[in-house]
Every structure is written in C-alpha cells, then in structure tokens.
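Read the structure below first, then the notes.
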Amino acid sequence: MKPILRILLVLVLATVANAKDIKLLNVSYDPTRELYQDYNAAFTKYWKAKTGDEVVVSQSHGGSGKQALSVLNGLAADVVTLALAYDIDALAQNGRLLPVDWQKRLPDDSAPYTSTIVFLVRKGNPKKIKDWDDVVKPGVIVVTPNPKTSGGARWAYLAAWAYALDKYGHDDAKARDFVKRLYRNVPVLDSGARGSTTTFVERGIGDVLLAWENEAHLAIKEFGGDKFEIVTPSESILAEPPVAVVDRVAKKHGTTDVAKAYLEYLYSDEGQDIAGRNFYRPRSEKAAAKYADQFAKLKLVTVDEVFGGWQKAQKTHFADGGTFDQIYQPE
Amino acid sequence: MKVKSNELLTGKPEAESTNEQYKHNMKLSQLILISIAGLQFVSPAWADDGATTNSVSPAQVAPAGSAEAAEIEALKNEVQELEQKVKVLEQQNARKQTAAADTNQEQIQALDQQVRILERQRELDREDAASAAKTQPRLTVGANGATFSSADTNFAVSLHGLVQVDSRTFQENDNVPGNSSILLRRARPILSGTVFRDFDFLFVPDFGNGTPGAASAASTPSIYDAYLNYRSSPTVQIQAGKFKTPIGLEQLQPDAYTMFNERSLVTDLVPNRDLGFELHGDIAGGVVSYAAGIFNGVGDARNSSNIGFQDNREFNGRLFVQPFKQTELTALQNLGMGIGGGWGEASTTNTLGLPASTGGASSSSAGYFTDGQQQFFAYTNGVMADRVHWRISPQGYYYYGPFSLLGEYVISDQDVRNGSRSASLHHTAWEIAGGWVLTGENATFNGVTPKHPFDPRIGQWGAWQVVGRYADLDIDNAAFPFFSNPAVSASEATAWAVGLNWYLNRNIVVKASFSRTTFEGGGQGTGSAASSPPGSVTTHPEEVFFTRVQLGF
C-alpha cells in the first residue's frame, strides 16, 4: 500500500474511531423555539462536517426567570440562551455554575442578536392604539406576562417606564403611576411570553399584546395579517438576550468544546442569517442590512442608560417587594 | 247670543255651518280616499325624492284653481308634513335602536372578554396547580401502606405494618405447659423509603414473639431488618445491614405471604437474618436474580444479634432463574429454580454458631423445632460450632393461575465440637408445598390478591385457598450420642400439614391449618428430660391446630 493511502486510511479510521454522539441541552426562554429549531439543524450539520461528531441539541423553553431557576435547581443545561443578563447572572452568582464575568466571553456582551417590545393589536386596531399612552387608557385590555417569571415582560415593563420617564421629564413618581395604570389594564399574567401570545392570539383576550418583536412577527406569519397588525411605539427598549455556556454542567458532561462552538456559531454569517430570518435583529451588518426592511425604526433605549444596568433594575423593580409588587394588584 | 262650538271653528252660524260642514266632510273624505289611493300608487318615488311620476296625483282629480283643489293642496301639504314628522320619528327611533344595539354589542363584547379572561385565568390556575403539583410532596395511603414522597419521588418514606394474631392448639402431645396458646406472633411496624433516588432503606423491629434465638416465651422487642440498599441499577445493587441471608427459598418468602402459619422443617437448616454486605440484582428483567454477600455467620434458623464480635465470616449466595419470565409462555412465566448456599468458618467462641433455641427448654438449648415451634432436637450442653459450616439448597417454585408449588432441599453440614470430640454433622431437610386458590385468583410468591374483596353487603367474600405441605428433616446420626442425647432428641422429623387460607382483601388474611409431625428416635427421656423439650415433644407425634388473623399493609 502506498504511504499516502496508508495515511488516508489511518485518518479515516481515526475519524471513525473518534466520532462521538454528543448531547447538548439548550435551556432558553419562551419565544425562541422556532429560532433554535432552525439554528440547531444548521449547527448540527456544521459540527458534523467539522468534526464528524453527531450533536443532538435538546431545547427547553419557558419564562426566562423560571428557566434560570430550573437550571439552579438542577436542570442540566449545557448552554443557556435566556432573555436577559440578570437571569444568567443568577446562575453565576447563586449557583456558581459559570464565572461572573461570563458576559465578556463572547462579542456584544454575549448577546448575538437583539430585539425589542412592540404592540400586537387586532386587525383594524379597534382601540386606536398608537403609542404607550393609548395602552394605559382605561378600558384597554393589555396582555403581557408576569415580570417575575418572564424576561419579555420585564423588558416590556422597563420599556413603558422608560417612555414615561421621557414623557414626564424623568419624574419617577409619574413614571410609576404610568406603569401602574398600564398594569391596571392587565387582567391575566401568564408566566411566559408564549403563554401571553396564546392568551391574546388563540384565546382572543385583550386589545393589545406587549410582545417581543419576533413573537409579534411570528404571530402574524402563523395566524395571518388579516387578523393582527403590529404597532410600533415611538419608543421602546433594546432587548439584548444573552447566551452562555454553563461551565460546570458542560464540564461534567464533557461538552465544553461543543457548547462553546454552539454559541460562537450564532455569530457566524449563517447564525446571524437565521436570527434575522426568525425576526431577531442581527448584530452583523450584513444580516442586519438584509433584514432591515422587516424592522421598524424607533427610538430604543438601553437598560444601562435608563436603569443603571440589570442588577439595579431587578432590585428596584422586580425583586420581592419591589416596584412591580407595589403597583400590581391582581384582581 | 250663544255661540256654538262649530261657529268658533268656522265663523258661520250653526245651520249654515252644519250644511257646509257636511259638504266639507264629504270632500275631505273623498280627498283622503283619493290621497290614500294616490299614495298607494305613488308613495315610493314621491315620498323619497318628489320626482315626477306617471301616476295620478290628487291635484289632477280636482279642477285647477277651484277651492277644492286648494283644499286638496293644503291637505297634501298637511300629509307631507305628517310624513316628514313620521320620517323624523323613524330616524330618531332608528338612531336609538342603533345606539342601543351598539351599547348591547359593547356590553356583549365586554362580557365576552370577561368570560374569556376568567376562562384563561382558570386555565392558568390549572397549569399553575399542575406545575405546583410537580414540586409538591405527595402523600398516598392505600393497601400498600402510607407513603410520603417528594414530587420527583427521589425521597420517600413508607409506613407498613404486619400484625399476626395466632392460636396453637396441641392435641396429643399437650404435655408441655404453655405450648397451646393465643399469641402475638408478629407485631412489626415497618419503615421503608428512599433517599436521593438510589438509596433505599428498611427498618423492621418486632414487638411480637420475641428475641431471635430466645426461648418461645420471651417477648423482647428486637430489630429484624435494618439495612441500606444502593441501587446503581436493577442489575447492580449493594445492600448493607441486617437482612435475610440469601439461601433458603421459603425463608426468603415474605412473612405475610407464607402458605402456613409457620415455615416448614426445611427452613430449620438455613440462616434467618444476619449482618453483612450483599451484592444483588435482577438481570434481564428478573429472568436471572443473584445475590452474594459476606456475613457474620449464624447458626441454622438463627437471627443475628445486632453486634457480633468474632473473627470469622460466612459467604452466602443464591442464583435463581425464571427462564420464561419474559416470554409469551404464560404457563411457564412463573416457573423458577435456583440454588442457594454458603460457606463459613465458626470459632467455638461464636455463641450464635449453633441452631436457634426456638422451642427449647432454655435460651441456650440450640436445636431444631417442629411446625408447632417445639424443639425436637437439641444439642447437648457444651457443644459448640467449630470450624466449617456449609449449606446448599436447590430450590424452585411454580405458579400458574390458582396453582402454586414450592419445593426445597437443604443440606446443612456443620462441624461441631464437644470438649475433645468433634464431628462434621450432615443434616438434610426437604419440603414440598402446594396450594390451590378455590376462587380462581392467581397464586404468587407474594400472596393472593382477591378479585372480590370481602364485602358481604354486596355479596363478595374474598379469596379462598387450600394448601398442603410435606416436609422432613433428617439429623445426622453422627450427632448421637456425643453431641445430642438420643433418648430425648429425635433423629428425624416428618411433618405434613393442610390448611385453608381466607384472603378477605389484600390486607387481611385469616388462616386455619392442621399439622402433624412424627419423629424417629427420642421420646425415651426420664425425669425432667421427659417433661421438657425435646424429650416431651418427641414422646408422641405432634398434632397442632393453628389459626391466624393477619393484618399486613
């Protein structure tokens, strides 16, 4: 046998011998089901071509806060792709499942795509909802999940608060009253964004859904533009859903390398394209340009700018006894 | 002058007025008729936009410029005014109706929203309840006892119990005081459970018949089982503590499910509970079961004490096969056969190395006992277990429908010493036992579950089973006379028994049985040796009638 053939044979045998079946669990928040179904298929193909290993990625979805709690309680997530940084901070601080500086490990503070909160209303917009002021009017029924358990709900809450601060010259008391009026119009609090979409879209409850932008587009895509329409408020919040490897679990499973690659591939051209295709705002200029037409232009504020970061926002608004607890009185 | 009402209206005297009034009325009547006729012909277009039509109008009926025509015109105007008023009223009414309909619609929509919201809240409440239930501890109480477990069942504690109230009535050989009795044979609260999913435990004290190895009259609470079992998988499990030694088939059958009140002579030759470590498991879904362990080592039919300071150990194991368990051959699925055995060395300091003293005259009277729990063979005082003790027990059972059959053979080969004399005694025993459930339920190694639990109000009477057994225990002749007194101890006991078991339900069983045991040897004692076991027992065949009321859960 010629030397080159021997080398090839050895390489093939080595590849076959080393080929592994790898299982990854991605614990994510509610509206990313479709995104990661697409993405997992692409990554599996990519990883197989690169290493010869078969990767089976399982998904778990729910309210972001709830999901973080599940991971803290033992749900063996190799990676988490949650709605907001605070929920992953909790894994680092309370569970020591990953380092506290996890956000620095990937570009854009480990948020490979962004989104925002928009309004989904019924076709014809019967309540003439144009901006946040219309949402707080008496008689308007608003659907949004529980900020205690849902990341999307926390983004929506802060978006309303930020709008009110701008409107009332940064008067916190007036902003608080504004948001209080908003939640007075919320008759049902689902635990996650997908539940709220069900409430609004399938159960026919409410005049407006405070929705993730991608979730609003998906609702229209799935249920038709003849039933719903998207209203973009004048101002909203820049939602930056982050991703991270859960080091301790991945190490235990022996999946650290593939878990890292899984998240890094989100920043690739293909990963960014998949994000845009699923109505997330891609970070890459190329994908952002490609999908620019599907995203309305609006003023977007960040949590850091307006609320001093997630830690502070969480403590002030969503911790037990925080502002949300004070203003929301369930009927 | 009196002015009449018509004058006020017309300004003319009454007579004149009356005449003119009549004419006027006639004209008016004609005009109205014409108008009505005209309206009927022309009303749609006329009423709507006043467009000219080809229909006949009231003005065309009367000559132009006449008074009648003027009147008609006036009346026409009046009619038009009236029509306008009617139109206005109709429009007002329509607006009111529209407004009312709109209001109703809004109210309906608001109510619809409220209903939907309530329904959704209920749905969410149910989801929350289902979600909460997954994390809430569970308490279950039933025929299998009470279990309190964590939502994920990784932690569980179960409380079970076994209470057996027996009577023994001896017939012919009732010359031993106290043998006939009503007694609390077993009274065991049983605590079992699981921690961290894979670790099981069992704790069984007994407040009934007494300390293991003690004379039958004793009744000191003691620990029967206390062990921790680690389940790596069903195939590989490690158990540590005090539990039944894996040798005898009948011994391993749970106390609540034995066919008769007491186990047979064959169980005299196998150890009961011992302290040790055991590797065990089921392979291929129970087709093969194995157990092997190292134990302190105890004499035949003995329970270990909770501590045993001795240097020697005993190795025991058992392999049991149910080759058809996972096949479609239902008639053979519960055919099982196996072999148990053990080997160990005992030093003369091991006070538990000889058989149990059950039924003996004193707590040191080691020996073997009958179905009636009377000792028919006793080692002479001073005999000690010495060096090797091995046992082997081929065994098997077969259960099919209401039929049950269980057989076992045991060799217990024990080296003994009495002073300077020693011997290797080769005792053997065997039994065959069978049963038939008269009411058709399946018989199993773990009892009978009645199809129709006892409830006379609806004509249900539980399950009934007849049982029979034959057993024999042969003492090595080398035991006599240096290790046992042949005048009082039998060299062989043979017993048969029949019984009727009534399973009222899964928890309550009533049993009645008769057992007869005959002896070879013995029965020749004199003096006190003749009046106490084993001399008193071997004088005549033992005939005893048993009853039992059992609660097990």
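The values are calculated or read from the model by the stated rules, or taken from the named source; none is laboratory data. This is a predicted model, so every value here is computed, not measured. Note: ideal-geometry Cβ built from the backbone for every residue, glycine included; neighbour counts use all protein chains shown.
For the range A:296-304, state whether one or more residues are touching a Leu at 6+ places or on another chain (Cβ under 6 Å) and either within 17 Å of A:SER150 (Cα to Cα) or not in a helix (DSSP H, G or I) (or both).
Applying the first criterion (touching a Leu at 6+ places or on another chain (Cβ under 6 Å)) to the range A:296-304 yields A:300, A:302.
With the extra rule that they be either within 17 Å of A:SER150 (Cα to Cα) or not in a helix (DSSP H, G or I) (or both), the set shrinks to A:300, A:302.
Yes.
Checking the conditions here, which among B:ALA187, B:ALA101 is away from chain A (no Cβ under 12 Å), part of a helix (DSSP H, G or I) and more than 30 Å from A:ARG194 (Cα to Cα)? It would help to see each step written out before you state the result.
On the way: B:ALA187 fails: part of a helix (DSSP H, G or I).
Being away from chain A (no Cβ under 12 Å), part of a helix (DSSP H, G or I) and more than 30 Å from A:ARG194 (Cα to Cα) holds for just one of B:ALA187, B:ALA101, which is B:ALA101.
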Since B:THR358 meets every condition but one in (1) more than 24 Å from B:TRP430 (Cα to Cα); (2) crowded, with 18+ Cβ neighbours inside 10 Å; (3) of a type in the set (Ser, Thr, Tyr), which condition does it not meet? (1)
How many of the residues making up the range B:114-154 are away from chain A (no Cβ under 14 Å) and either surrounded by fewer than 17 Cβ atoms within 10 Å (Cβ to Cβ) or more than 30 Å from B:VAL204 (Cα to Cα) (or both)? 13
Among the residues of the range A:93-114, is any surrounded by fewer than 23 Cβ atoms within 10 Å (Cβ to Cβ), part of a helix (DSSP H, G or I) and of a type in the set (Ser, Thr, Tyr)? yes
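Quick one: is A:GLY225 away from chain B (no Cβ under 14 Å), of a type outside the set (Ser, Thr, Tyr), over 21 Å from the mean Cα position of the chain (by Cα) and part of a loop (DSSP other than H, G, I, E, B)? Explain how you work it out, then say what you get.
Values: away from chain B (no Cβ under 14 Å): yes; of a type outside the set (Ser, Thr, Tyr): yes; over 21 Å from the mean Cα position of the chain (by Cα): yes; part of a loop (DSSP other than H, G, I, E, B): yes.
Judged against the criteria, A:GLY225 is a match.
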Can you tell me which of (1) within 21 Å of A:TYR280 (Cβ to Cβ); (2) in a loop (DSSP other than H, G, I, E, B); (3) at pLDDT 95 or above; (4) not charged (D, E, K, R) is the one A:ALA83 doesn't meet? (3)
One residue is enough: does the range A:141-158 have a residue meeting the conditions modelled with pLDDT of 95 or more, farther than 27 Å from A:PRO241 by Cβ and either more than 26 Å from the chain's Cα centre (by Cα) or not aromatic (Phe, Trp, Tyr) (or both)? yes
Of (1) over 30 Å from B:SER181 (Cβ atoms); (2) touching a Lys or Arg at 6+ places or on another chain (Cβ under 6 Å), B:ASN303 satisfies all except one. Which? (1)
Hey, among the residues in the range A:228-239 that are assigned to a strand (DSSP E or B) and hydrophobic (A, V, I, L, M, F, W, C), which one's surrounded by the fewest Cβ atoms within 10 Å (Cβ to Cβ)? A:ILE230
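Residue-wise test of (1) within 14 Å of chain B (Cβ to nearest Cβ); (2) touching a His at 6+ places or on another chain (Cβ under 7 Å); (3) assigned to a loop (DSSP other than H, G, I, E, B).
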{"site": "A:PRO145", "(1), (2), (3)": "yes, no, yes"}
{"site": "A:LYS148", "(1), (2), (3)": "yes, no, yes"}
{"site": "A:TYR157", "(1), (2), (3)": "no, yes, no"}
{"site": "A:ALA162", "(1), (2), (3)": "no, no, no"}
{"site": "A:ALA175", "(1), (2), (3)": "no, no, no"}
{"site": "A:ARG181", "(1), (2), (3)": "no, no, no"}
{"site": "A:LEU210", "(1), (2), (3)": "no, no, no"}
{"site": "A:ILE220", "(1), (2), (3)": "no, no, no"}
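Closer than 30 Å to A:ALA92 by Cβ, more than 17 Å from the chain's Cα centre (by Cα) and not small (Gly, Ala, Ser): which single residue out of A:VAL258, A:VAL243, A:VAL201, A:VAL208 fits that description?
Numbers: A:VAL243 fails: more than 17 Å from the chain's Cα centre (by Cα); A:VAL201 fails: closer than 30 Å to A:ALA92 by Cβ; A:VAL208 fails: closer than 30 Å to A:ALA92 by Cβ.
Checking each option against the conditions leaves just A:VAL258.
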Hey, could you check the range B:288-335 for residues that are of a type in the set (A, V, I, L, M) and closer than 19 Å to B:GLU250 by Cα and say which is surrounded by the most Cβ atoms within 10 Å (Cβ to Cβ)? B:VAL298
Taking the range A:183-208 and the residues there that are closer than 23 Å to A:ALA296 by Cβ and in contact with a Gly (Cβ under 7 Å, 6 or more places away or on another chain), the one that is farthest from the other protein chains (Cβ to nearest Cβ) would be A:ALA193
Which ones in the range B:210-233 are at pLDDT 70 or above and either under 28 Å from the mean Cα position of the chain (by Cα) or buried (at least 16 other Cβ atoms within 10 Å of the Cβ) (or both)? B:SER222, B:ILE223, B:TYR224, B:ASP225, B:ALA226, B:TYR227, B:LEU228, B:ASN229, B:TYR230, B:ARG231, B:SER232, B:SER233
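Of the residues that make up the range B:494-502, is at least one under 27 Å from B:THR380 (Cβ atoms) and in contact with a strand residue (DSSP E or B) (Cβ under 8 Å, 6 or more places away or on another chain)? Reasoning before the result, please.
Initially, the range B:494-502 is screened for residues under 27 Å from B:THR380 (Cβ atoms), giving B:494-495.
Retained after the next criterion (residues that are in contact with a strand residue (DSSP E or B) (Cβ under 8 Å, 6 or more places away or on another chain)): B:494-495.
Yes - at least one qualifying residue is present in the range B:494-502.
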Residue under question is A:LYS45, and the condition is that it be modelled with pLDDT of 95 or more and either basic (Lys, Arg) or part of a loop (DSSP other than H, G, I, E, B) (or both); does it hold? yes
Of those in the range A:178-202 that are in contact with a Phe, Trp or Tyr (Cβ under 7 Å, 6 or more places away or on another chain) and modelled with pLDDT of 95 or more, the residue surrounded by the fewest Cβ atoms within 10 Å (Cβ to Cβ) is A:TYR183
Let me confirm something: among A:VAL80, A:VAL56, which residue is more than 14 Å from every other protein chain (Cβ to nearest Cβ), in contact with a strand residue (DSSP E or B) (Cβ under 6 Å, 6 or more places away or on another chain) and surrounded by fewer than 24 Cβ atoms within 10 Å (Cβ to Cβ)? A:VAL56
Answer with yes or no whether B:SER489 is touching a Pro at 6+ places or on another chain (Cβ under 7 Å) and not β-branched (Val, Ile, Thr). yes
For A:ALA216, state whether it is more than 14 Å from every other protein chain (Cβ to nearest Cβ) and either in contact with a helix residue (DSSP H, G or I) (Cβ under 7 Å, 6 or more places away or on another chain) or closer than 21 Å to A:GLN67 by Cα (or both). no
Selection within the range B:443-489 - under 29 Å from B:THR518 (Cα atoms), touching a residue at least 60 places away in the same chain (Cβ under 8 Å) and of a type in the set (Ser, Thr, Tyr): B:SER484, B:SER489
Contact list, first residue from the range A:60-71 and among the hydrophobic types (A, V, I, L, M, F, W, C), second anywhere and buried (at least 24 other Cβ atoms within 10 Å of the Cβ) and in a strand (DSSP E or B), beta-carbon distance below 9 Å, six or more apart or interchain, is A:ALA68/A:VAL27; A:ALA68/A:VAL80; A:VAL71/A:VAL27; A:VAL71/A:VAL80
